[in-house]
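Have a look at the structure below, then the notes.
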Amino acid sequence: MRVLGHTLWIILLPALLLSCARPEPPTISLYRAIQAGDLNQIKRHLYHDTDINQPDREGQMPLHVAAERGRLVISRMLIDHGARLDARNRSGHTALEVAVLAGKIQVAQLLLQRGAALDVQVLLFKAIRSNANFRDVVEFLVRQGADVNAPDDSGDTPLVLAARLDHRLLVKRLIDRGADVNLPAARGLTPLAVARETGNRDIVRLLKSNGAIESKNP
């Protein structure tokens with residue numbers, strides 16, 4: 001009997017070990033797990049082949065959610081399991097763009113390293129329009145090749161656009177990264193002239209303290 005019991009244990013042991021190693025099915029959605037940073041639940045989803053490129057009701061992909069939340073480890077896990085780097089949400093943004101606009105530069109750098117495409121000049125203007133004034137955003141984009149003095153299709157420079165939209169902190173960050181305070185843009189208006197048009201005295205003072213001069217144009 002002892003020999004039989006020992007033999008039975010040897011037969012059952014691999015199955016028991018396998019069952020112990022096999023994760024249980026997830027108990028919450030992948031999106032909730034990413035938002036909460038629940039690595040255990042995310043690992044369950046990945047093991048049980050949850051579709052990680054399926055958008056939620058808002059059109060966000062799991063990688064977009066991880067990027068917006070700055071979940072570096074989770075972003076790496078999703079990429080390793082086949083998350084699409086080129087997928088866009090309903091706003092037309094890739095996960096890399098979402099990361100930059102949310103100021104999650106570590107995740108943005110990871111996505112770049114893994115091959116995500118980046119149009120730095122377009123993204124610079126997107127960042128200005130969305131007032132993405134986080135400390136590292138402009139610096140990151142400049143390091144990737146963005147030109148803080150190049151105009152967009154309408155003729156506005158980044159500094160003029162930031163002044164027009166009353167984004168004072170972005171005005172400062174652009175100046176700090178080399179934006180020309182006297183470079184005219186559309187209609188020949190300088191950043192200072194635009195700031196006077198909008199009536200933003202703080203931006204006027206900021207520009208003048210950095211060498212802006214009054215425009216001779218009406």
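The values are calculated or read from the model by the stated rules, or taken from the named source; none is laboratory data. These numbers were taken from a predicted model, which means no experiment stands behind them. Cβ atoms come from the backbone with ideal geometry, glycine included; neighbour counts cover every protein chain shown.
Exactly one of (1) surrounded by fewer than 16 Cβ atoms within 10 Å (Cβ to Cβ); (2) among the hydrophobic types (A, V, I, L, M, F, W, C); (3) touching an Asp or Glu at 6+ places or on another chain (Cβ under 8 Å) is unmet by residue 73. Its number?
Of everything listed in (1) surrounded by fewer than 16 Cβ atoms within 10 Å (Cβ to Cβ); (2) among the hydrophobic types (A, V, I, L, M, F, W, C); (3) touching an Asp or Glu at 6+ places or on another chain (Cβ under 8 Å), residue 73 misses just condition (3).
Please note which helices (runs of 4 or more DSSP H) are completely contained in segment 58-172 and include at least 1 residues that are out of contact with any helix residue (DSSP H, G or I) (no Cβ under 7 Å at 6 or more places or on another chain).
Qualifying helices (runs of 4 or more DSSP H): 72-80, 105-113, 120-129, 137-143.
What residue, among those in segment 66-96 that are among the acidic types (Asp, Glu) and in contact (Cβ under 8 Å) with a residue 12 or more places away in the chain, is farthest from residue 35 (Cα to Cα)?
Ranking the qualifying residues of segment 66-96, first place goes to 86.
Take the residues in segment 173-188 that are buried (at least 22 other Cβ atoms within 10 Å of the Cβ) and not in a helix (DSSP H, G or I); name whichever of them is modelled with the highest pLDDT.
Selected residue: 179.
Filter segment 29-42 for residues that are of a type outside the set (Phe, Trp, Tyr) and surrounded by 15 or more Cβ atoms within 10 Å (Cβ to Cβ); which is farthest from the chain's Cα centre (by Cα)?
41
Conditions (1) closer than 19 Å to residue 211 by Cβ; (2) over 19 Å from the mean Cα position of the chain (by Cα); (3) hydroxyl-bearing (Ser, Thr, Tyr), marked per residue:
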position	(1), (2), (3)
132	no, no, no
136	no, no, no
145	no, no, no
153	no, yes, no
156	no, yes, no
159	yes, yes, no
164	no, yes, no
177	yes, yes, no
187	no, yes, no
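All but one of (1) touching a residue at least 24 places away in the same chain (Cβ under 8 Å); (2) exposed (fewer than 15 other Cβ atoms within 10 Å of the Cβ) hold for residue 112, so report the exception by its number.
The failed condition is (2).
For residue 213, work out the one condition from (1) out of contact with any His (no Cβ under 9 Å at 6 or more places or on another chain); (2) among the β-branched types (Val, Ile, Thr); (3) not in a loop (DSSP other than H, G, I, E, B) it doesn't fulfil.
All conditions pass for residue 213, except number (3).
For segment 132-169, how many residues meet the condition of being free of Cβ contacts under 8 Å to residues at least 40 places away in the same chain and among the aromatic types (Phe, Trp, Tyr)?
Selection size over segment 132-169: 1.
Report whether or not residue 156 is among the acidic types (Asp, Glu), over 21 Å from residue 92 (Cα atoms) and crowded, with 18+ Cβ neighbours inside 10 Å.
On the way: among the acidic types (Asp, Glu): yes; over 21 Å from residue 92 (Cα atoms): yes; crowded, with 18+ Cβ neighbours inside 10 Å: yes.
Yes.
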